[in-house]
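Before any comments, here is the structure.
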Amino acid sequence: MFEIKEKPKMVERALLVGAYIRSEERGEAESLLEELAELVKTLGIPIVGRELVQHREVHPRHLVGSGKAAEIATLAKTLEADVLIFDNELTPSQQRNWEKLAGVLVIDRQEVILDIFAQRAQTREARLQVDLARMEYSLPRLVRAWSHLGKQGGGIGSKGEGESQLEQDKRKIRSQIDRLKRDLAEVKRRRATQRKDRKRTPVPNVAIVGYTNAGKSSLLRSLTGADVLVEDKLFATLDTTTRRISLPNNQPLLLTDTVGFVRKLPHGLVEAFNATLEEAAMSEFLLHVLDVSQPEVMEFHETTRKVLAELGADTLPTLTVFNKIDKLADPSILPHLRSRFPDAIFVSVKTRAGLDELIDRIAALASDGLETLELRIPQSRHDLIARLHREADIRHTAYEDDAVLLRARIPARLLDACRPFATTTAAKN
């Protein structure tokens, strides 16, 4: 079986390269190169240099012009780099041309992200998704793995050894891709069944979304007490985690932490992770978490919104949460953000500042559709009374003979059980 090599085990010295065309793109290119450095550090690969290149147009052979390409190749040799990592997406032929020119391994941002995902995937579902994305990415790049055999053997009308091996591996990878898609379809079917089971006793589900390393897992742990991985690394966790909490009004709620987004996320990963990210699309509303201390916070906001649009989740009610206010170097940024996002919540998961307000806002959103009823329930129905105290928002309680008088805001799942005991109906919500 064809195996994809693990880059972190092969290389020890990386030279990072970012290319841009227009001068006004320089700031974004610098930011993206810095983010690439964080991604590479996440893989544990030491960085020996960074090179930011402006070029007039996209060249099909090396992306940049031949002169600039030669300079970068020379710099790689001077720094004794054993891998060139481009922030830009490279075509398979450009990768081969660069490896021939520089004499070292050449990968791009997509391959770095794929390798991180491969390292971090824990559940079978996540591993299937990563394997599918890596196989689809590697298929057009197989030729570079067998280029050393391409000229061996063969005559007119016959295949060389390399060509034969290449075709065999392509068939193997296509077969694996088909199998992975079937397995993921089965995973998706099971997830749909699990959602149906949840809907039989419906509890509102809220998905936590946002840019990677914005503090989503920390927020989940802080709100629910869940024992989830919290690490200051990009893509610290890839698997969704769902935990149940009870809000101050006794409304139960499911909170789901999703994989973080990143600029230039490989499209294959968006598709491959659809089964995981669809938790966001199936939620009643979203918590969009942003790291307010990042200068690119608005770019991160747009990146997340674009990915949500691809998933069809951009129309869901969304509560924007600006996290890490304790790390904000310039407090004057807050008034600007508050005016632009008047409904946003500003919190610090670390110091717990703003979390009480956030919980109240979550409770208000989760309460949409609650119906207020006046109830007269026989004390013999202690099961229903106990459930109302667990899951409804009790506003008033009194006792009369052998009955309990309640005024409560009741979720839809309890209405059928409560209506026989209703005396009057108050307002909705």
Exposure proxy check on Tyr137, Tyr211, Tyr399: fewest-to-most Cβ neighbours within 10 Å is Tyr399, Tyr137, Tyr211
Listed by chain and number, the residues whose amide H is under 5 Å from that of Ala408, excluding neighbours fewer than 5 places away on the same chain and using placed H, are Leu373, Leu375, Arg395
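Need the full-extension length gain, Thr424 to Glu80, defined as separation in residues times 0.36 nm minus the C-alpha distance. One decimal, nm.
115.8 nm
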Taking Asp257, Asp326, Asp108, Asp291 and counting other beta carbon atoms within 10 angstrom, the fewest-first order is Asp326, Asp291, Asp108, Asp257
In this structure, the FRET efficiency calculated for Ala417 and Ser93 from their beta-carbon separation, with R0 = 51 Å, to the nearest 0.05, is 0.20
Going residue by residue through region 100-105, the Karplus relation 6.51 cos²θ - 1.76 cosθ + 1.60 with θ = phi - 60° gives ³J(HN,Hα) values, rounded to whole Hz and with x marking Gly or Pro, of 5, 6, 8, x, 9, 5
Going fewest to most other Cβ atoms within 10 Å around each Cβ, Val347, Val289 line up as Val347, Val289
With Ser348 itself left out, Lys, Arg at +1 and Asp, Glu at -1 over residues whose Cβ is under 13 Å from its Cβ give 0
Hull volume per residue for region 7-120, using the convex hull of the C-alpha atoms, in Å³ is 89 Å³
A chain fully extended from Lys100 to Leu52 at 0.36 nm per residue, minus the present Cα-Cα distance, gains in nm 15.2 nm
From the cross-link list Lys181/Lys324; Lys306/Lys350; Lys41/Lys100; Lys170/Lys264, the entries with a Cα-Cα span beyond 31 Å are Lys181/Lys324
So, for the Cα atoms of region 371-428, Rg and Dmax in Å stand at 10.0, 29
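Values in this text are rule-based calculations from the coordinates and carry no lab data. It should be emphasised that the depicted structure is a prediction, and the values quoted were computed from it without experimental measurement. Quick reminder, even Gly has a Cβ in these numbers, built from the backbone with ideal geometry, and neighbours come from all protein chains shown.
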